[in-house]
Structures are given as C-alpha cells and as structure tokens.
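**Student:** Structure in structure tokens, see below.
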Amino acid sequence: MTTEMQEISITEDKPLLTGQNDAAKDAELAARILLDQGQEHSVETPHGILHVTLHGSRTTRRPAILTFHDVGLDSKSCFSTLFKFEEMQEIVKNFTLIHIDAPGQEEGAAPYPVGYQYPSMDTIAEMIPAVLQFFNFRTVIGIGVGAGAYILSKFTLANPDAVEGLVLVNIDTNARGWIDWAAQKLSSVTHSLTEQILSHLFSQEELSSNTDIVQSHRDRISKAPNLINIEQLWKTYNSRRDLNIDRSCTFKCPVMLVVGDQAPYEEAAVECNSKLDPTTTSFLKVRDLVNVDLFLQPAKLTEAFKYFIQGMGYMASSCMTRLSRSRTTSLSSSYSMDGSRSRSRTLSQGSQGGQMPPSPSQTMEVSC
C-alpha cells in the first residue's frame, strides 16, 4: 500500500499552493501511520473487553482476515513480521485485517488482580462474534497459532457460517491427559513459567542450542509487566477440552494445517489432519522450522496462504508472485472472481517453493 502511494504522481496545469502541498503531504503521512500502526479498539463482549487492532478500510465486500495469537505472544509479536512481509502486501491491500489479543495479553495491558477468574478457551471463543458485529463483518478467514488455533477452531465449530476459511498453525485439538497433567505439574515445580511457555513455543533442540530468537523471547516474557496475565492464559490453555472433531463432525470450510517439522506439536497436527475431511483440507509441513520461525521467515507461509486465498476465489493469478504465476494453470478452473468457490482442493509446496497437486480430491503431506 505504501508503495502505491509513493508511485502516485499528480500533474497540474498550475502549481499547487504551498499550503495545499503541505496539507497533502500531512494527509499522506497520517494515512501511512494509520495503516502501519492500525486502529486500536476496545471491543465490549458479553464476557469482557477484548483489545482488537484493525488494519485496512473496513470494506465488507470480502471477508476480513482475523488472527489469534499463541500463548506467550500478542498479536504484534506473533503476526507483525508475516503481514509486513513484502510478498504479503498483495493480500494485505485487498483485505481488512483484524488482530485479536486474548484478554489481558495486549502490549501494555494492566495486570489482573489476584483471584481474577480468567475466561476459559470456550468463553474466549464466544467473545469473537461480538468483534465481527462491532466491525460489521459477516464472515472472516481465520489464522490461528497454537492456543489461537484452538480458540478459532472452537469459534468455527460453533459459527460455521461465519468462517470461509481457516489456517491453523501448530494446532493441538486434544485435552491434556493424566500423564500430560502430571508432567505439567512437575514442570511447574522445576521450571519457571517462562521456561514452560518456551517449551511450548520451541522444540527441545532449539531450547538446547539457546538461539538468539529463544533468548529474545525468554527476556520478553520474563520481563513482561503483565506476566500474571500470561500465566492465566497458559493455565487456561492447559485446561482445554477435546475439540471432538472427526470426519462426521468437522469444519464446514476449507482448512489449511501448517506445522514446522521441529515444532513441539507436530504429532498433534498430523493427528488433527487425519480427523478432517481430506477434500477440504490442506496439510503443509515446513522443514527445519518451529512455531515462531514460521512467522520470522514468512516466505513459505505467505506463498501457501496465497494459494489458499486463490483457491477460495479471492485472488487472481495476476496478483500472485512470479513464482506462483507459473504454477497456477492447474488451479485456474477451480475458482472464479465472483466469489463462487470449489470446496475440493489441496495444497502442496515442494522444496523449490510451491506446486499444486494433480488432483484436488486428496490431502497431501508435504515438506518445503
């Protein structure tokens, strides 16, 4: 969007007056700042206030892209790099972005008082319809990570007509069993809250190597002024219930599952894939990346998301990257720009960036 604004040139028979020129520059600068920072809102729901950041023009001709972050992150730290990525701008400029922060997780949130009853995963999911109503959006395309993927899944199952597509990164649809519960109790005694959350965000290999990204997240979480709020969300996530999805009771919209092959929840994502309808599900396994890396190295996820949006009929091949345009011929008959969408498609990305499978009727596990 910024690039477009920079390229606009205005030809006048008469030179603009100095005051008019300055006013135009001020208006352009204000628009850029607004687009970059987003419009922050406090949305009242039946179960409390949600902090929401909106980017874009609020046009309701298309569904909004609605995101929900993971534990230990907020909407900015989770999604900022992805949506500011250069190749993602073809999507960003055509959609309204709605970033939801879980209660008390936004940057600068005041700590909750001792004894505060934090909402459950189910309750947080029930807060989302109020956000759509506030911004007057009838449908959305959801992108959730970890705990956010679980919350958006609950929302989608309860409101199938409100979700046109769902991207779930490192999803775990299962409740913690007794063994997991006991391990969590032991971990809470021997490890700090920060280390527990890091073990959720990173693989053991990443933690052992103590990379710069691991250390930066360790510092950010341990020094967070709202650490008690983060702990509340962490406990709530660990108390989640099974989603209870299977082939007979599943999502009614297209779903793209994404997982890094070193992510802590790789097996859980594979299990989730086995429960979903293969004619409407895509499964993307990204090699050598874990949860947070998917967003710090957004090229592959962006390419996959473009295919997903295109398959829904909201993005023409002319808007794809040069790499993508060379591979869209096999998909051209499966969508139309008037919004009609085929419910049978899959996604495959090879080691060189992306390749559509020969048949849209089967889900494929891929590495890239």
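The values are calculated or read from the model by the stated rules, or taken from the named source; none is laboratory data. Because the structure is a prediction, the values reported are computed rather than measured. Neighbour counts are summed over all protein chains in view; Cβ atoms, including those assigned to glycine, are modelled from backbone coordinates with ideal geometry. Protein only, heavy atoms only, side chains kept; ligands, DNA and RNA dropped before computing areas. Shrake-Rupley method; radii C 1.70, N 1.55, O 1.52, S 1.80 Å.
**Student:** Taking the stated definitions as given, is D180 open to solvent by 60 Å² or more (accessible area, probe 1.4 Å) and at pLDDT 95 or above?
**Tutor:** Against the criterion (open to solvent by 60 Å² or more (accessible area, probe 1.4 Å) and at pLDDT 95 or above), D180 does not qualify.
**Student:** Right, something else. Based on this model, can you work out whether K285 counts as on the phi < 0 side of the Ramachandran plot, modelled with pLDDT under 95, part of a strand (DSSP E or B) and under 21 Å from the mean Cα position of the chain (by Cα)?
**Tutor:** yes
**Student:** Which residue is surrounded by the fewest Cβ atoms within 10 Å (Cβ to Cβ), if the candidates are limited to region 293-311 and must be at pLDDT below 70 and over 12 Å from the mean Cα position of the chain (by Cα)?
**Tutor:** Result: L296.
**Student:** Okay, next question. Restricting the search to region 89-138, which residues are free of Cβ contacts under 8 Å to residues at least 40 places away in the same chain and charged (D, E, K, R)?
**Tutor:** E107
**Student:** Filter region 113-131 down to residues that are open to solvent by 10 Å² or more (accessible area, probe 1.4 Å), at pLDDT 95 or above and either over 15 Å from S239 (Cβ atoms) or assigned to a helix (DSSP H, G or I) (or both), then give me how many there are.
**Tutor:** Total satisfying the criteria: 5.
**Student:** Say whether the condition of being open to solvent by less than 10 Å² (accessible area, probe 1.4 Å), outside any helix (DSSP H, G or I), modelled with pLDDT under 95 and of a type in the set (S, T, N, Q) is met by at least one residue in region 164-171.
**Tutor:** yes
**Student:** So which residues in region 183-206 are open to solvent by 20 Å² or more (accessible area, probe 1.4 Å), assigned to a helix (DSSP H, G or I) and at pLDDT 85 or above, if there are any at all?
**Tutor:** L193, E195, S199
**Student:** Ok, one more. Out of all the residues in region 227-242, is one or more open to solvent by 60 Å² or more (accessible area, probe 1.4 Å), modelled with pLDDT under 80 and either in contact with an Asp or Glu (Cβ under 9 Å, 6 or more places away or on another chain) or among the small types (G, A, S) (or both)?
**Tutor:** There is no residue in region 227-242 that is open to solvent by 60 Å² or more (accessible area, probe 1.4 Å), modelled with pLDDT under 80 and either in contact with an Asp or Glu (Cβ under 9 Å, 6 or more places away or on another chain) or among the small types (G, A, S) (or both).
**Student:** Go through region 132-143 and count every residue that is open to solvent by 70 Å² or more (accessible area, probe 1.4 Å) and at negative phi.
**Tutor:** Result for region 132-143: 3.
**Student:** Follow-up question, since we're still on this one. Every residue in region 144-159 that is open to solvent by less than 10 Å² (accessible area, probe 1.4 Å) and either free of Cβ contacts under 8 Å to residues at least 12 places away in the same chain or aliphatic (A, V, I, L, M) (or both), please.
**Tutor:** V145, A147, A149, I151, L152
**Student:** When only residues in region 212-225 that are open to solvent by 10 Å² or more (accessible area, probe 1.4 Å) and in contact with a Phe, Trp or Tyr (Cβ under 9 Å, 6 or more places away or on another chain) count, which is nearest to G72 (Cα to Cα)?
**Tutor:** H217
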